[in-house]
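First up is the structure itself, then whatever we jot down about it.
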């Protein structure tokens with residue numbers, strides 16, 4: 001990604017030294033989480049069709065917002081603190 005964004009002159013893989021420097025620079029912002037067991041209700045509704053529909057919707061949203069060429073504007077947000085109940 002760094003190479004594609006012209007932030008790195010080569011597509012050679014980054015070293016462990018780079019990784020440890022990155023983690024040290026961002027130690028207050030980077031966390032490690034243990035995976036939790038998948039809730040049975042969630043697992044029941046994860047079908048190949050629903051996953052396919054999710055990625056179709058995601059692709060459409062990314063295209064509509066013009067983010068195909070701007071991955072740096074896409075962020076990850078977890079569900080912590082968000083209630084799925086209305």
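No lab work stands behind these numbers, since they all come straight from the coordinates. What you are looking at is a predicted structure, and each value in this text was computed from that prediction instead of being measured.
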Length released on extending from residue 27 to residue 76, taking residue separation times 0.36 nm less the Cα-Cα span: 15.9 nm
Highest-MSF residue in the chain out of 51, 62, 30 [GNM, Cα springs under 10 Å]: 30
Compute the angle between helix 48-64 and the longest alpha-carbon principal axis of the chain, please, reported from 0 to 90 degrees and rounded to the nearest 10. 50
Which label marks the calculated value of P(r) over Cα pairs in 5 Å bins from 0, in percent, given the options (i) 3, 10, 10, 11, 9, 9, 9, 11, 12, 11, 5, 1; (ii) 3, 16, 27, 27, 18, 8, 1; (iii) 3, 9, 10, 15, 18, 17, 15, 10, 3, 0? (iii)
At 222 nm, what value in deg cm²/dmol follows for the chain if DSSP H runs of at least 4 each add -39500 (n - 2.57) and the sum is divided by all its residues, to the nearest 500? -11500 deg cm²/dmol
Tilt of helix 16-25 relative to the longest C-alpha principal axis of the chain, in degrees (0 to 90, nearest 10)? 70
Anyone know which of 14, 58, 33 comes out most mobile in the 10 Å Cα GNM of the chain? 33
